[in-house]
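There's a structure below that I have some questions on.
Just so it is clear, none of the values below were taken in a lab; they were calculated from the coordinates. Note that the coordinates shown come from a computational prediction; the quantities given were computed from them, not determined experimentally. Every residue, glycine among them, receives a Cβ derived from its backbone with ideal geometry; neighbour counts consider all protein chains shown.
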Amino acid sequence: MGKFAHDTVVPDLESNLSKKEQVALMFDRIAFRYDFLNRFLSAGIDVYWRKKALSKLQSTQPKYILDVATGTADVAILASELLSPQKIIGIDISEGMLEIGRKKIKSRQLENTIELRTGDSEDIMLDSNELDAVTVAFGVRNFQNLEKGLAEILRVLQPNGKLVVLEFSKPTLPVIKELYWFYMNAITPLFGKLFSSNKKAYEYLNRSVQKFPEGKEFESILALVGYKNITRQPLSLGICTIYTGEK
């Protein structure tokens, strides 16, 4: 499995922990403010992005979905509402995030549809060829080994099953590009520190976006791993992108 620049981007450069361990710890620490900061920092547009990503699955009507890096279960809950699957499993390495997700699921009485588990994208505790669809929203950047995680997702998908990835990307239009980088470099870490006392987490967000192999490069990684019918759709002037691929 190849190594990519983003694989080595970690929340704390001085820590001896692995990327995986650092990411889990970081999300445990910001979990209590995660949903609020998502809505606040994106002015609520992140909800639209998630809905747009899930619309890529409407034609196939998946019955069994895995949401990788599920966090506080936003995508799992939206998928339940928009796609009416029989079962959604959400996995994440942060137990703190999952705790909040479970409360949200219980309050919506979705326990029979959605199950959250502590789990790792590189070692998914499911049989091969088991799933109709897999979603990953703003999570592939946090994989310790990008190729390995994508290959493991491919393993658990059934033939013709579909992967939908929603991830930040870098705008290329002049002015928009400058405004975006000012926002990511200055505003996001500031509010991260103000509201969650964790500036490092939001500085990591910026660094991981900068290093992530986006666009055609990410499409080529999907192809290399073995996905077919790969598509890419930039959203909101290129601030984020939806990628799809099939087994």
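Calculate the dipole size of segment 5-246 relative to its Cα centre from +1 charges on Lys and Arg beta carbons and -1 charges on Asp and Glu beta carbons; express the result in debye to the nearest 20.
720 debye
A follow-up question, please. Per 0.36 nm of contour for each residue apart, how much would the distance between Leu235 and Ala223 grow if the chain were fully extended, relative to their Cα-Cα spacing?
Between Leu235 and Ala223, full extension yields an extra 2.1 nm.
Using the Karplus curve 6.51 cos²θ - 1.76 cosθ + 1.60 with θ = phi - 60°, work out ³J(HN,Hα) for each residue of segment 235-245 in order, rounded to whole Hz, and write x for Gly and Pro.
Each residue of segment 235-245 in turn: 10, 6, 6, x, 5, 9, 9, 9, 10, 10, x Hz.
With a Förster radius of 41 Å, plug the Cβ-Cβ distance of Glu115 and Lys211 into 1/(1 + (r/R0)^6) and report the FRET value to the nearest 0.05.
0.80
Please work out whether the chain counts as rounded, prolate or oblate from its C-alpha gyration tensor, where a ≥ b ≥ c are the square roots of the eigenvalues and a/c under 1.5 means rounded, while otherwise a/b larger than b/c means prolate and anything else oblate?
Judged from the Cα gyration tensor, the chain comes out rounded (a/c under 1.5).
For the chain, with a Gaussian network of springs between Cα atoms less than 10 Å apart, report the residue from Phe138, Phe36, Phe168 with the top mean-square fluctuation.
Phe36
Using the Cβ atoms and a cut-off under 12 Å, what net charge is assigned to the surroundings of Lys56, where Lys and Arg are +1 and Asp and Glu are -1?
With Lys, Arg at +1 and Asp, Glu at -1, the net is +4.
Looking at Phe182, Tyr64, Tyr34, which one has the Cα that reaches farthest to the positive end of the dipole of segment 5-246 (charges on Cβ: Lys, Arg +1; Asp, Glu -1)?
Going by the Cα projections, it comes out as Phe182.
Sticking with this one: Using the charge dipole of segment 5-246 (Lys, Arg: +1 at Cβ; Asp, Glu: -1 at Cβ; taken about the Cα centre), state which of Gln22, Met125, Gly238 has its Cα farthest towards the positive end.
Gly238
Going by amide H atoms built from the backbone, whose H comes under 5 Å of the H on Leu116, apart from near neighbours?
Sorted by chain and number, the residues that satisfy this are Gly90.
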